[in-house]
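Here, each number is a calculation from the coordinates, and none is a lab measurement. As the structure is a prediction and not an experimental result, all values here were calculated from the model. When we count neighbours, we look across all protein chains shown, and the Cβ atoms used for this are built from the backbone with ideal geometry, even at glycine.
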Amino acid sequence: MKNWLWLGVILLFSQHISAQTTNNKDSIQVMEVPVVVNDSTVLLPGDSLKNVKGKFMPVPRTATRMALIPGMGQIYNRDYWKAPIVYIAFGGGLYAYYLNSLKYRDYLSAYKQFYILEEDSPKYGQPRPELVDSSVTVRVRNLLNTKSEYLPASRDQAVRGKNYWRRNRGFALIVTGLIYTLSIIEANVAAHLKTFDLSDDLTLRVEPKLHQPAMLTPTPGVRLVFNLK
């Protein structure tokens with residue numbers, strides 16, 4: 001009997017709380033509250049990103065266009081320390097491409113010596129009989145042409161050297177293109193990151209919450225509240 005009595009008291013108490021909650025919701029009125037806007041943190045429609053509170057705010061589109069010239073996008077974003085990295089990486093790729101091109105042309109020139117390339121000759125394009133089982137001298141140059149190596153090479157060695165340096169030249173060109181593309185992407189991403197608000201106004205609060213989703217009766221709980229300015 002006591003159990004039924006306590007169950008009835010709990011049901012009446014829950015209905016009373018629900019009625020009060022409904023009445024409180026019904027009694028809420030809409031009031032006009034003046035909003036105070038901080039002029040120093042508002043960007044009007046059509047305006048580009050400019051200095052906010054004295055801080056430089058780059059425009060991502062402008063940074064991308066400036067980055068078409070290697071290093072200029074990083075300089076525009078005022079990341080001056082990144083510009084030498086871009087120049088060294090891009091210059092290194094061009095150096096490797098040109099050096100491999102020199103060596104490829106050296107071995108290509110040696111390879112051509114094994115064939116008859118006189119256009120007025122009836123045997124044009126055929127191997128030279130006197131060089132079938134012999135070798136030729138290959139001049140292997142460096143970038144500045146200040147020091148060259150002269151190496152003997154058979155026809156098979158000339159073919160392998162020609163193909164090897166040609167592949168290296170193509171690989172160096174691909175790497176240089178990737179470095180150029182990554183420098184443009186980095187300038188755009190860095191400009192976007194500089195526009196994010198990282199001030200002290202970004203706060204997180206933990207507050208109690210009485211009404212929970214999918215709950216018909218009031219249930220205590222907590223909620224996380226983010227304040228962006």
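Return the sequence-ordered ³J(HN,Hα) values of region 96-107 in whole Hz as given by the Karplus equation 6.51 cos²θ - 1.76 cosθ + 1.60 applied to θ = phi - 60°, using x for Gly and Pro.
Residue by residue, region 96-107 yields 5, 5, 5, 5, 5, 5, 4, 5, 5, 5, 5, 6 Hz.
Per residue of region 86-93, what does 6.51 cos²θ - 1.76 cosθ + 1.60 with θ = phi - 60° give for ³J(HN,Hα)? Whole Hz please, x for Gly and Pro, Karplus curve as stated.
Each residue of region 86-93 in turn: 5, 5, 5, 5, 5, x, x, x Hz.
Counting Lys and Arg as +1 and Asp and Glu as -1, each charge on the Cβ, what is the dipole of region 134-188 about the Cα centre in debye, to the nearest 20?
Using Cβ point charges on Lys, Arg, Asp and Glu, region 134-188 gives about 300 debye.
State whether region 60-194 is rounded, prolate or oblate according to the following rule on the C-alpha gyration tensor (a ≥ b ≥ c being the square roots of its eigenvalues): a/c under 1.5 gives rounded; otherwise a/b larger than b/c gives prolate, and the remaining case gives oblate. Display every interim value, and only then the final one.
Numbers: a/c = 4.49, a/b = 3.17, b/c = 1.42.
In terms of gyration-tensor shape, prolate.
Can you list the residues, at least 5 places off or on another chain, whose amide H is less than 5 Å from the amide H of LYS209, using H built in the peptide plane?
Residues meeting the amide H criterion: GLY221, VAL222, ARG223.
Which of ILE69, ILE116 has the fewest other C-beta atoms within 10 Å, and how do the rest follow up to the most?
Ranking ILE69, ILE116 by Cβ neighbours within 10 Å, fewest first, gives ILE69, ILE116.
Rounded to the nearest 0.05, what FRET efficiency is calculated for LEU117 and ASN163 with R0 set to 25 Å and r the Cβ-Cβ distance?
0.85
Quick query: amide H of VAL138 versus all other amide H atoms, modeled in the peptide plane; which residues come in under 5 Å with a sequence gap of 5 or more or a different chain?
Under 5 Å from the amide H of VAL138: LEU151, ALA153.
Please identify the chymotrypsin sites (Phe, Trp or Tyr not before Pro) of region 76-165 that satisfy two criteria: DSSP loop assignment and at most 12 other Cβ atoms within 10 Å. Which are they?
Those satisfying the criteria are TYR80, TRP81, TYR124.
For ASP106, ASP120, ASP156, what's the fewest-to-most ordering of other Cβ within 10 Å of each Cβ?
The fewest-first ordering by Cβ neighbours comes to ASP120, ASP156, ASP106.
For region 60-194, what does the relative contact order come out to in percent, with C-alpha contacts under 8 Å and a separation of six or more?
Once normalised by length, the contact order is 36 percent.
Give, in nm to one decimal, the length gained when the segment between ILE185 and LEU216 is fully stretched (0.36 nm per residue of separation minus the Cα-Cα distance).
Full extension from ILE185 to LEU216 adds 6.1 nm.
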